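Right, one structure below, let's go through it.
The values are calculated or read from the model by the stated rules, or taken from the named source; none is laboratory data. Predicted model, so just to flag it, every value in this text is computed and none were measured. Note that we place each Cβ from the backbone using ideal geometry, even for glycine, and neighbour counts take in every protein chain shown. Note: areas computed on protein heavy atoms with side chains; ligands, DNA, RNA excluded. Shrake-Rupley method; radii C 1.70, N 1.55, O 1.52, S 1.80 Å.
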Amino acid sequence: MILRQDAVSNRQGPDLPDGPLITIGNFDGVHLGHRTLILKAQEAARLHGWPLVVMTFWPNSGEGVPGREVRRIYTEEQKNDLFESLVPQACMLRLTFDDGLRKMPEEEFFRHLLKERYGVKGIVVGENFRYGYGGAGNVETLKAHCAQEGMFFQAVPGVQEEESGRIISSTWIRELLEAGEMEHAGQLLGSCYYAEGEVLHGKRLGRTIGFPTVNLMLEPGLTEPRHGVYLSRIQTPDGWFYGITNLGLNPTVEHGNRIKIETHLLEHEGNLYGRHIRVEFLRYMREEHRFDSVEALKEQLQRDKEKARCLIQEFHTENGGETQL
């Protein structure tokens with residue numbers, strides 16, 4: 001996948017494949033609805049013999065709008081990785097969502113950006129897609145523009161969760177993360193919600209009480225999952241391991257406001273400082289709270305560890321005796 005960054009104020013624009021089919025959206029989380037849309041676009045591009053371009057925005061088009069706060073599910077790096085695994089041959093075009101783009105009239109967005117600047121031959125979007133200043137453009141205006149220009153157009157219905165009949169959306173997934181409902185969020189995302197990054201040095205208190213941790217920071221601007229302790233699964237350069245992860249402020253030993261992700265791996269004793277890891281959140285176990293002493297914290301961590309092992313056995317039973325890593 002080739003990633004192109006483009007600011008609308010740069011009238012030259014990036015080099016893109018000639019005559020692409022394009023699909024457009026924030027694609028925050030790259031959830032099951034997004035995946036269906038992108039794969040439909042990939043199939044249409046293949047049938048017509050056109051290259052596929054996935055257009056997205058940075059920041060998300062909802063961010064920076066007065067009176068509206070939108071926190072992303074994943075970082076741009078995570079989103080890029082998910083795109084790469086889904087449609088490795090596509091080109092991803094990331095537009096800088098500045099005032100020039102936010103205030104662009106819907107017809108200009110179509111004619112001057114999609115048609116003239118990027119030479120688009122086909123467009124595939126979700127059925128609730130809106131574009132242009134104030135969301136004036138929708139699938140009907142876009143369909144009319146494409147018909148007038150002889151361009152291919154397809155609107156893809158949203159994907160419903162089978163049990164509830166509710167349309168899968170990034171907003172819904174954010175709500176689930178904030179409630180600590182990681183299993184449900186993972187079902188809608190299509191894979192476990194995760195955080196990743198380089199392991200940071202902490203205060204090393206955990207090591208002194210027999211519970212060493214690997215530490216990450218939640219990037220600013222992301223949705224804050226419910227603070228507390230989770231059963232987790234960790235990908236390291238040494239392989240996959242189960243663990244218990246505290247996500248929050250760690251009030252017993254810390255006095256800051258940065259959200260920390262501190263994970264104790266159950267079966268790993270190596271040094272991971274400075275190495276890249278991925279922490280998948282499997283199940284919420286308990287709330288985060290302040291302990292009166294380090295000894296009280298140690299006793300609770302031992303209970304957490306025992307509970308985590310019981311939960312792991314449940315997963316083994318649910319998966320027919322096999323651990324799905």
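Within the set 121, 79, the sole residue that is of a type in the set (Lys, Arg) and either out of contact with any Gly (no Cβ under 7 Å at 6 or more places or on another chain) or within 25 Å of residue 226 (Cα to Cα) (or both) turns out to be 79. Which ones in the stretch 274-306 are open to solvent by 50 Å² or more (accessible area, probe 1.4 Å) and closer than 19 Å to residue 212 by Cβ? Selection gives 275, 276, 278, 294, 295, 298, 299, 302, 303, 306.
Candidates 183, 161, 196, 175: the one that is of a type in the set (D, E, K, R) and surrounded by 18 or more Cβ atoms within 10 Å (Cβ to Cβ) is 196.
If you go through the stretch 102-116 and keep only what is in a helix (DSSP H, G or I) and over 16 Å from residue 56 (Cβ atoms), you end up with 106, 107, 108, 110, 111, 112, 115, 116. Which one is most open to solvent (accessible area, probe 1.4 Å) among residues in the stretch 64-89 that are more than 9 Å from the chain's Cα centre (by Cα), aliphatic (A, V, I, L, M) and modelled with pLDDT of 95 or more? In this case the residue turns out to be 86.
So, of the residues in the stretch 37-61 that are open to solvent by less than 50 Å² (accessible area, probe 1.4 Å) and either part of a loop (DSSP other than H, G, I, E, B) or not hydrophobic (A, V, I, L, M, F, W, C) (or both), which turns out to be farthest from residue 171 (Cα to Cα)?
51
Per the conditions (1) of a type in the set (Gly, Ala, Ser); (2) at pLDDT below 90; (3) within 30 Å of residue 77 (Cβ to Cβ), the sole criterion not satisfied by residue 248 is (2). Cβ separations smaller than 7 Å between residues 6+ apart or across chains give the following pairs from the stretch 167-190 residues that are under 20 Å from residue 157 (Cα atoms) to residues that are among the aromatic types (Phe, Trp, Tyr): 188/172. Of the candidates 175, 181, the single residue that is at pLDDT 95 or above, more than 25 Å from residue 313 (Cα to Cα) and within 22 Å of the chain's Cα centre (by Cα) is 175.
Name the single residue that is modelled with the highest pLDDT among those in the stretch 1-36 being part of a loop (DSSP other than H, G, I, E, B) and of a type in the set (Asp, Glu).
Among residues in the stretch 1-36 that are part of a loop (DSSP other than H, G, I, E, B) and of a type in the set (Asp, Glu), the one modelled with the highest pLDDT is 28.
When residue 265 is tested against (1) surrounded by 18 or more Cβ atoms within 10 Å (Cβ to Cβ); (2) modelled with pLDDT under 90; (3) not aromatic (Phe, Trp, Tyr), exactly one condition is not met: (2).
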